[in-house]
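Trainee: Below is one structure. I have some questions about it.
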Amino acid sequence: MITMKSLITSGQIAQAGTFVADAGRKATETLLKDINENGQVGTFDVQRFFAGGARIKAAITEVVRKEILAVAMGVVGILKLISAGKKVRIAATGGKRTIAKAKKTFPGFIDSDFVNYGCDVVEESKPETSTEVYEMTDDGDFSKIFGGFGINLDLLCFTQDQIIEFVETQPDWLRKDGYGTLFLFKVNGEFFVASVRVDVGGLEVHARRFSRNCVWGGDYRHRVVVPQLALAN
């Protein structure tokens, strides 16, 4: 009989339990201190709280179970991590290349809106950057796609030079069959999304305003690339 080797040691299980227990205790203590300091004691029945302990425990257990599975399995909102365990890096860039002028990188088509939206500007240099690649699992607009990370959108942005570098050096991670691979970037205080498509006529790139009310279908498994280090913030 073949047995599966456990990937989670007993020490890691104990460590995870302590981590979650500490987080729950701190959250509870903070809540009760806030109630005391805000003078809400009269509307908070401590005895009912303790009497309903089983109900609270069950609710916490279910929430923690779902969140642990989601985090550990790379689920972020409507996105599923597909590059886990892989080193997908962008080399250091000087920031001088812009998508509007990257005709060799995108011979199929370059959206004129990269110029019309004022995005054809030189940006800052960036060091080597690790990335993570996700696939959509459900429908959503850009706010739902990128908002699921729960962090400042600035941390999810690439420069245009980095996007070009990724496309040139990591082509295997681009979504095929004419569907999009999405990259968030920011110019003059406004967020944009570059949608890269692999088509028969060569690579294409389209510019989309982040604020555009457009729903992308999860059935097409569009891909989303973000800086890996951003997720540690």
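The values are calculated or read from the model by the stated rules, or taken from the named source; none is laboratory data. No experiment lies behind these values; they were computed from the predicted model shown. Cβ atoms come from the backbone with ideal geometry, glycine included; neighbour counts cover every protein chain shown. These area figures cover heavy atoms from the full protein model, side chains too; ligands, DNA and RNA do not enter into them. Shrake-Rupley method; radii C 1.70, N 1.55, O 1.52, S 1.80 Å.
Trainee: Output the residues belonging to the stretch 81-101 that are of a type in the set (A, V, I, L, M, F, W, C) and either over 19 Å from Gln170 (Cβ atoms) or outside any loop (DSSP other than H, G, I, E, B) (or both).
Mentor: Leu81, Val88, Ile90, Ile99, Ala100
Trainee: Answer yes or no: is there a residue in the stretch 72-93 that is out of contact with any Leu (no Cβ under 9 Å at 6 or more places or on another chain) and at pLDDT below 75.
Mentor: Yes, the stretch 72-93 contains at least one residue that is out of contact with any Leu (no Cβ under 9 Å at 6 or more places or on another chain) and at pLDDT below 75.
Trainee: Starting from the stretch 140-153, take each residue that is of a type in the set (Val, Ile, Thr) and list its partners that are modelled with pLDDT under 95, counting only C-beta distances under 8 angstrom and pairs at least six apart or across chains.
Mentor: Short answer, once both residue conditions are applied: Ile145/Gly77; Ile151/Ala230; Ile151/Leu231; Ile151/Asn233.
Trainee: Do the conditions hold for Glu62, that is, is it open to solvent by less than 80 Å² (accessible area, probe 1.4 Å), at pLDDT below 95 and out of contact with any Asp or Glu (no Cβ under 6 Å at 6 or more places or on another chain)?
Mentor: Answer is yes for this residue.
Trainee: Sticking with this structure for a sec: Being outside any helix (DSSP H, G or I) and loosely packed, with under 10 Cβ neighbours inside 10 Å is the filter; apply it to the stretch 9-54 and report the residue that is modelled with the lowest pLDDT.
Mentor: Here the residue is Gly39.
Trainee: If I go through the stretch 102-125 residue by residue, how many of them are within 20 Å of Pro171 (Cβ to Cβ) and without any contact (Cβ under 8 Å) to a residue 60 or more places away in the chain?
Mentor: Residues that pass the stated criteria total 2.
Trainee: A further question follows. Output the residues belonging to the stretch 77-123 that are open to solvent by 60 Å² or more (accessible area, probe 1.4 Å) and closer than 19 Å to Leu203 by Cβ.
Mentor: Selection gives Arg97, Lys101, Lys103, Lys104, Pro107, Phe109, Ser112, Val115.
Trainee: Now for a separate question. Filter the stretch 119-178 down to the residues that are within 12 Å of Ile90 (Cβ to Cβ) and among the basic types (Lys, Arg) and list them by number.
Mentor: Across the stretch 119-178, the qualifying residue is only Lys126.
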